[in-house]
Amino acid sequence: MEISVIVCLLVILLAIWIVSVQKKLAIMDENINYSMNQIGVQLSSRFDALLSLIEFTKKYAGYEAQTLTETVNEKRCIIMETSTPEEVMRQEGVINEVLFRTQTVLEEYPGSVAENEYIKYMDAVECYEKMVQTSRLIYNDSVTKLNRELHVFPTSVLAHMLGFKKRDYLVENYQKGRCKG
């Protein structure tokens, strides 16, 4: 009788432990998804600010502005919670490439960069870049927490059985202005 009680208690404790580990890992995974979604929101806002800057460019260089708008519309995609770090990097590359090309076009018209409208749009583009950087830090921190937990025994065994996998980091893009497609 005592052995059956001990076994029952052990089974109950094991079940409680499994549920608590699963819940903890699920929360960590959800934090990563939420962080990726936030990056998508910030990138979308940055694209919108960039399109406003391109619209401003039409006053000086209509054809170039049209080409830049087409480039954005062709290469822009929505970053969601299920997106990968590679997709984020591609979108950041598109933004940096188009921003560089827009600035190059506007530099040919010296009065353009002194206008308040230009300054306002550039400030918005830079402001959203800072927000993207903050969101990237939060994402990478969330990934670190999950990945660290996945390496701890016996949690690692249970995590593998429950289907939790190591997540990739968002690495810093050192090739600003370059786009891979």
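The values are calculated or read from the model by the stated rules, or taken from the named source; none is laboratory data. As the structure is a prediction and not an experimental result, all values here were calculated from the model. All Cβ positions, even for glycine, are placed from backbone atoms using ideal geometry, and neighbour counts span all protein chains on display. SASA here: full protein model, heavy atoms, side chains in, ligands and nucleic acids out. Shrake-Rupley method; radii C 1.70, N 1.55, O 1.52, S 1.80 Å.
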Checklist entry - What are the pairs, 6+ residues apart or on separate chains, where a residue within the range 14-33 that is closer than 30 Å to Pro85 by Cα has its Cβ under 6 Å from a residue that is open to solvent by 90 Å² or more (accessible area, probe 1.4 Å) and modelled with pLDDT under 95? => result none
Next on the checklist: Looking at the range 44-84 only, could you name the residues that are over 19 Å from Ala124 (Cα atoms), free of Cβ contacts under 8 Å to residues at least 60 places away in the same chain and under 17 Å from the mean Cα position of the chain (by Cα)?
Outcome noted: Cys77, Ile78, Ile79, Met80, Glu81, Thr82, Ser83
Next on the checklist: With the requirement that a residue be within 14 Å of Arg46 (Cα to Cα) and surrounded by fewer than 17 Cβ atoms within 10 Å (Cβ to Cβ), what does the range 101-130 give you?
Outcome noted: Lys120, Asp123, Glu126, Cys127, Lys130
Item to check | Residues within the range 50-64 that are buried (at least 21 other Cβ atoms within 10 Å of the Cβ) and of a type in the set (A, V, I, L, M), tallied | outcome: 3
